[in-house]
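Q: Following this message is one structure expressed as structure tokens.
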Amino acid sequence: MNTRKIGTVKEQQAAKFLEAEGYRILEQNFRCPRGEIDLIASRDGILVFVEVKYRAGMGSGAPEEAVNAAKQRRIIRAATQYLAQEGLWERTFCRFDVIAICGEKFFHYIDAFQS
């Protein structure tokens, strides 16, 4: 399986993981000129922008390490676009989470970075 197909499968698994935790998935693979967001979910009145990172093993480092400052800025820009186009800018609490998948283990980093 190529990298993009693996990424899609892992994003779908992450969505199921979040649903099992009580989240409602609103969008998958939101793309705009400002960037991309893997998953957009909601729970308890909070809009959650989720970055999913997968590594088969730790040889390339932990998956969450790939969500560096530059990647965070791209996610924040895309989230800003999403909030504006959906008319949610002023009345929505939101946060940025990371789902790191290493092999078959899932790690959910809640409020992983700030805008």
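Computed from the coordinates by the stated procedures, all read-outs in this text should not be read as laboratory data. Just so it is clear, the structure is predicted and the values come from calculations on it, not from any experiment. Cβ: placed from backbone, ideal geometry, glycine included. Neighbour counts: every protein chain shown.
Q: Looking at P63, F93, I46, which one has the Cα that reaches farthest to the positive end of the dipole of the stretch 3-113 (charges on Cβ: Lys, Arg +1; Asp, Glu -1)?
A: Sorting the options by dipole projection puts first P63.
Q: Along Cα→Cβ, 7 Å out, is where each label goes; now give me the distance between the ones at R31 and F17 in nm to one decimal.
A: 2.3 nm
Q: Counting Lys and Arg as +1 and Asp and Glu as -1, each charge on the Cβ, what is the dipole of the chain about the Cα centre in debye, to the nearest 20? Don't jump to the answer; show the numbers that get you there.
A: Values: 17 positive and 15 negative charges, 78 e Å.
My answer is approximately 380 debye.
Q: Can you list residues whose amide H is under 5 Å from C94's amide H, if they're 5+ apart or on another chain and H is modeled 1.01 Å from N?
A: For C94, whose amide H was placed from the backbone, the distant partners under 5 Å are L47.
Q: Give the lysines reachable from K16 as a straight Cα distance under 16 Å; neighbours fewer than 8 places away on the same chain don't count.
A: K53, K105
Q: Among DSSP beta bridges whose residues both lie in the chain, state the antiparallel percentage, nearest 5. Please report the intermediate quantities before stating the final value.
A: Details: 18 of 28 bridges.
Antiparallel: roughly 65 percent of the beta bridges in the chain.
Q: In addition: Please say if the stretch 42-103 is rounded, prolate or oblate, where rounded means a/c under 1.5 for a ≥ b ≥ c the square roots of the C-alpha gyration tensor eigenvalues, and otherwise the choice is prolate for a/b larger than b/c and oblate otherwise? Kindly include the intermediate steps, with their values, before the conclusion.
A: On the way: a/c = 3.76, a/b = 2.10, b/c = 1.78.
Taking the square roots of the gyration eigenvalues as a ≥ b ≥ c, the stretch 42-103 is prolate.
Q: Moving on to the next point. How high is the relative contact order of the stretch 3-113, in percent, counting Cα pairs under 8 Å that sit 6 or more residues apart? Could you put the intermediate results ahead of the total?
A: On the way: 178 pairs, mean separation 27.7, N = 111.
Averaging sequence separation for qualifying contacts and normalising by length gives 25 percent for the stretch 3-113.
Q: From the square roots a ≥ b ≥ c of the eigenvalues of the alpha-carbon gyration tensor of the chain, which class results: rounded (a/c under 1.5), prolate (a/b over b/c), or oblate?
A: Details: a/c = 1.75, a/b = 1.48, b/c = 1.18.
Because a/c hits 1.5 or more and a/b exceeds b/c, the chain counts as prolate.
Q: Using only DSSP helix segments of four residues or longer, with each worth -39500 (n - 2.57), what per-residue ellipticity at 222 nm results for the chain after dividing by its residue count and rounding to 500? All intermediate terms of the calculation are to be shown ahead of the outcome.
A: Working: 2 runs with 35 residues, N = 115.
Estimated from H runs of four or more residues: -10500 deg cm²/dmol.
Q: With a sphere of radius 14 Å drawn around the Cβ of E104, what net charge do the other residues whose Cβ falls strictly inside it have (Lys, Arg +1; Asp, Glu -1)?
A: With Lys, Arg at +1 and Asp, Glu at -1, the net is +4.
Q: Could you state the angle between the C-alpha long axis of helix 69-85 and the longest principal axis of the C-alpha atoms of the chain, as a value from 0 to 90 degrees rounded to the nearest 10?
A: Roughly 40 degrees between the two axes.
Q: Step through the residues of the stretch 18-34 one at a time and calculate ³J(HN,Hα) from phi using the Karplus curve (6.51 cos²θ - 1.76 cosθ + 1.60, θ = phi - 60°), rounding each to whole Hz and writing x for Gly and Pro.
A: Per residue, the Karplus-derived 3J(HN,Hα) values read 5, 4, 5, 8, x, 7, 10, 7, 9, 8, 10, 6, 5, 10, 8, x, 7 Hz.
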